[in-house]
Amino acid sequence: MTIDSHYRISTPPTLVLVMGVSGSGKSFIGRLLAEAMTADFIDADDHHSPTSIAKMSRGEPLTDGDREGWLATLADFYRDHRRQGRSLVIGCSALKRRYRDTLRSGAPELKILYLDGSRKLLLKRLHTRQGHFFQGDHMLDSQLQTLEPPGENEALCLDIALPPLEIVERFTQHLSAL
């Protein structure tokens, strides 16, 4: 017996933002989460303009204007996946509420995992990271000053001191409960 595709039950795609400041583990956790969800993963850092990468490499923080096109591109990824019925996880700092609102323009039902951690642990991670354009204590401090942590109802906040697999497990349980 075959089921006519007209009668198949489709589940909406799950669209997730893994956010936090640099060094919080967005890419690593995002990849693990995408694998657990059988979703695609996009590292937002791969989609910065060459000008923005050069600016950050010089230790200069990005402005809201620098981020506009980048955030619009990421919102388009969400929009495209949503349209295609495919789940997507994006690892992106999304430091301000309005940045997350831009991302929501492509995914109104966006689920957010906020990775939070102490400055000391973040610095330790940043100092051991090799070959990344984001460098320097002052760059982290700039992100921490810019950060508008998501509200309690906007995101699940988990401490980066937890083991990565536990973070993924807690978030997938959170998704199941929604």
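The values are calculated or read from the model by the stated rules, or taken from the named source; none is laboratory data. Quantities reported herein were computed from a predicted structural model and do not represent experimental measurements. With ideal geometry, Cβ positions are generated from the backbone for all residues, glycine too; neighbour counts draw on all protein chains shown.
The residue list 45, 64 contains one member that is acidic (Asp, Glu) and farther than 25 Å from residue 172 by Cα, which is 64. State whether the residues of the range 103-110 include one that is closer than 21 Å to residue 63 by Cβ and either at pLDDT 95 or above or touching a Phe, Trp or Tyr at 6+ places or on another chain (Cβ under 9 Å) (or both). Checked against the condition, which is being closer than 21 Å to residue 63 by Cβ and either at pLDDT 95 or above or touching a Phe, Trp or Tyr at 6+ places or on another chain (Cβ under 9 Å) (or both), the range 103-110 yields at least one hit. For the range 60-80, the count of residues that are polar (S, T, N, Q) and at negative phi is at least one. If residue 148 passes every condition in (1) charged (D, E, K, R); (2) exposed (fewer than 14 other Cβ atoms within 10 Å of the Cβ); (3) in a helix (DSSP H, G or I) but one, which one does it miss? Residue 148 satisfies all of (1) charged (D, E, K, R); (2) exposed (fewer than 14 other Cβ atoms within 10 Å of the Cβ); (3) in a helix (DSSP H, G or I) except (3).
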